[in-house]
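Peer 1: Shown below is the structure under consideration.
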Amino acid sequence: MTNATEKPKASLPKRILIVALSIAAVIGVLFIALIAFKPYAFHGAVLQSPKPAQDFTLMNQYGQETKLSDYKGKAVLLYFGYAACPDVCPATLAEVRQANDILKEQGREDEMQFFMITVDPERDTAERMAEFLGHFDPSFIGLIGEEEEVAQIATKYGIFYQKQDTSSVMGYLVDHTATVMLVDPDGYSRLIFPYGAQGEDIAEDIIYILDH
Amino acid sequence: MSEKKVFKFRWLYLLYAFMALVVISVVSFAVFQPVKVLPRISLAPGYAFTNQDSESRTSEDYRGKLTLYNFTYTNCDGDCPDTTQKMQEIREAIEKSAPAGIDYALVTVTLDPERDTPEKLGLFAAPYLGADTSTVSWDFITGDPLRVRYMVGGGFSLFYETEASPNQESDYEIKFYPLFVLVDGWGIIRAEYPTENLDYEEVINDINFLTVEINNSEGAAKYAYEAAHLFRCYP
């Protein structure tokens with residue numbers, strides 16, 4: 001006589017079906033989890049320097065002293081360019097503006113700051129920087145300094161620059177490294193964006209860094 | 001009559017099994033380190049200097065290449081680290097054993113730009129470069145003394161100082177520690193070798209780590225390499 005509390009054993013095909021379904025469920029959950037938990041792949045090249053980014057103090061386009069370390073807590077985008085730059089700088093700043101606009105849409109523009117340090121200290125006055133950056137975003141800060149001061153900072157950030165004399169009435173050009181550096185809210189150099197990086201990719205990386 | 005225990009299938013077990021699987025996978029990855037990477041130490045410095053042929057050489061010229069740097073000066077009377085001979089050995093080793101399809105470069109930076117003009121560097125480089133049929137480029141560079149100091153002292157963190165020379169033939173000598181630095185195509189320092197007796201096999205091993213990483217920098221494999229950086233799976 002069968003005990004009333006004992007369940008009748010499932011038939012063999014039913015048991016095989018249960019096992020098969022269980023395996024399928026585990027694989028399915030694993031697959032979904034792999035997609036959900038896959039490590040974030042940055043668009044920029046990642047740095048893991050144990051040393052904080054080189055601090056500096058330079059004058060901004062409003063004539064105020066600006067110190068990098070005062071911006072801890074924000075994601076700082078650092079770029080080396082110049083006001084008379086004909087193509088590379090405007091193209092890069094347009095992408096940075098797009099990234100800034102994406103953060104603005106999310107109400108997070110205060111969490112990001114863009115700096116452009118001049119590689120043409122000879123010609124870039126505060127007025128010229130203000131005029132140039134005014135074409136992009138009022139929050140963008142232009143930084144000017146003495147020749148040697150700028151050279152020292154640029155070297156440390158992996159930036160080369162060199163005057164190129166041209167026969168143009170515009171005067172000389174300045175060849176320079178066109179990457180954009182991201183200094184994270186803790187003050188560490190974290191990402192390098194190559195020239196041509198898209199605004200939405202820059203914004204995505206900034207948001208990830210701000211949230212993690 | 002004893003009651004038989006009946007195993008009841010619960011979906012919660014699946015969740016537990018899955019969580020255990022994830023934890024085991026992550027811990028196994030971190031412990032067994034199936035993928036190794038070289039650390040991304042810091043940014044290599046930017047510069048615009050001149051080589052032994054009086055041609056312009058900037059840090060941008062080495063973008064996209066795996067570049068090994070060393071530091072010396074041509075007036076060295078034998079009482080300074082002889083890393084340039086080692087560079088030649090490494091150059092030969094790279095030609096013989098480094099993976100193909102990657103551009104390699106060597107750069108020797110003078111610590112004495114006041115005296116080491118491009119011409120002088122050309123004479124110094126001649127025995128090393130020889131007929132120079134190597135596929136691995138080798139530049140000996142010099143520049144404005146202050147900029148060289150920014151690059152070497154600030155960018156590569158190599159301390160060096162000038163001292164009066166006991167040897168009457170030269171006014172001064174430069175004291176420095178030996179250093180080789182491996183920089184990747186992004187301009188990021190990936191390995192530093194503060195030794196005079198660098199084994200070329202060590203450099204070739206590190207180059208192999210980098211080339212494998214470069215070759216796996218796209219697609220799904222990229223995640224494994226990013227995870228290796230995250231868990232600091234260094235050799």
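No lab work stands behind these numbers, since they all come straight from the coordinates. Since we're looking at a predicted model, the values are computed, not measured. Positions of Cβ are backbone-derived with ideal geometry, glycine not excepted, and every protein chain shown enters the neighbour counts.
Peer 1: Select from segment A:41-104 those chymotrypsin sites (Phe, Trp or Tyr not before Pro) which occupy a DSSP coil region and have at most 16 other Cβ atoms within 10 Å, ordered by residue number.
Peer 2: For chymotrypsin sites (Phe, Trp or Tyr not before Pro) across segment A:41-104 that sit outside H, G, I, E and B with at most 16 neighbouring Cβ atoms in 10 Å, the list reads A:Tyr62.
Peer 1: Further question: Multiply the residue separation of B:Arg149 and B:Arg115 by 0.36 nm, subtract the distance between their alpha-carbon atoms, and state the gained length in nm to one decimal.
Peer 2: Gain on stretching B:Arg149 to B:Arg115: 10.8 nm.
Peer 1: Related question: Once label points are set 7 Å from the Cα along Cα→Cβ at both A:Lys51 and A:Arg15, what is their separation, rounded to one decimal in nm?
Peer 2: 6.7
Peer 1: Please compute the length gained on full extension between A:Phe31 and A:Leu210, using 0.36 nm multiplied by the number of residues separating them and subtracting their Cα-Cα distance.
Peer 2: Extra length available between A:Phe31 and A:Leu210 comes to 61.7 nm.
Peer 1: Relative contact order for chain A using alpha-carbon pairs under 8 Å, separation at least 6, rounded to a whole percent?
Peer 2: In percent, rounded to a whole number, it is 29.
Peer 1: Only helical DSSP H runs with n ≥ 4 go in: add -39500 (n - 2.57) per run for chain A, normalise by residue count and round the 222 nm mean residue ellipticity to 500 deg cm²/dmol.
Peer 2: The helix-only estimate for chain A comes to -12000 deg cm²/dmol at 222 nm.
Peer 1: Shape verdict for the protein assembly as shown, please, from the Cα gyration tensor: rounded (a/c under 1.5), prolate (a/b greater than b/c) or oblate.
Peer 2: Note, shape of the protein assembly as shown comes out oblate.
Peer 1: Between B:Glu218 and A:Ser69, what is the label-point separation in nm under the 7 Å Cα-to-beta-carbon projection?
Peer 2: About 4.3 nm, to one decimal.
Peer 1: If contacts are Cα pairs under 8 angstrom and at least 6 residues apart, what is the relative contact order of segment A:111-205 in percent?
Peer 2: Result for segment A:111-205 is 19 percent.
Peer 1: Using 27 Å as the Cα-Cα cut-off, could you pick out the over-long pairs in A:Lys163/B:Lys120; A:Lys72/B:Lys175; A:Lys67/B:Lys65; A:Lys163/B:Lys65?
Peer 2: Going by Cα-Cα distance, A:Lys72/B:Lys175; A:Lys67/B:Lys65 fall outside the 27 Å limit.
Peer 1: Return the loop-located trypsin sites (Lys or Arg not before Pro) in segment B:172-235 (DSSP other than H, G, I, E, B) with at most 13 other Cβ atoms within 10 Å of their own Cβ; answer none if there are none.
Peer 2: Sparse-neighbourhood loop trypsin sites (Lys or Arg not before Pro): B:Arg232.
Peer 1: Can you give the FRET efficiency for B:Val22 and B:Ile204, using 1/(1 + (r/R0)^6), R0 = 45 Å, r = Cβ-Cβ distance, to the nearest 0.05?
Peer 2: 0.75
Peer 1: Compute the helix-to-body angle for A:12-37: its Cα long axis versus the longest principal axis of chain A, expressed 0 to 90° and rounded to tens.
Peer 2: 10
Peer 1: Sticking with this one: Placing +1 on the Cβ of each Lys and Arg and -1 on the Cβ of each Asp and Glu in the protein assembly as shown, which of A:His176, B:Thr74, B:Thr162 has its Cα farthest towards the positive end of the resulting dipole?
Peer 2: A:His176
Peer 1: What does the charge count around A:Ala94 come to, taking other residues whose C-beta lies under 12 Å from its C-beta (Lys +1, Arg +1, Asp -1, Glu -1)?
Peer 2: Net of charged neighbours comes to -3.
Peer 1: Continuing with this model, one more query. List every residue whose amide H lies under 5 Å from the amide H of A:Phe42, counting only residues 5 or more places away in sequence or on a different chain, with H placed 1.01 Å from N in the peptide plane.
Peer 2: Sorted by chain and number, the residues that satisfy this come to none at all.
Peer 1: Starting at the first residue of segment B:102-108, write each ³J(HN,Hα) from the Karplus equation 6.51 cos²θ - 1.76 cosθ + 1.60 with θ = phi - 60°, in whole Hz, x for Gly and Pro.
Peer 2: 10, 8, 10, 8, 10, 9, 9
Peer 1: Looking at chain B, which Cys residues are left with no other cysteine's beta carbon under 4.7 Å from theirs?
Peer 2: B:Cys233
Peer 1: Please work out how much length the chain gains when fully extended from A:Asp137 to A:Glu200, using 0.36 nm per residue of separation minus the C-alpha to C-alpha distance, in nm with one decimal.
Peer 2: Going from the current span to full extension adds 21.0 nm.
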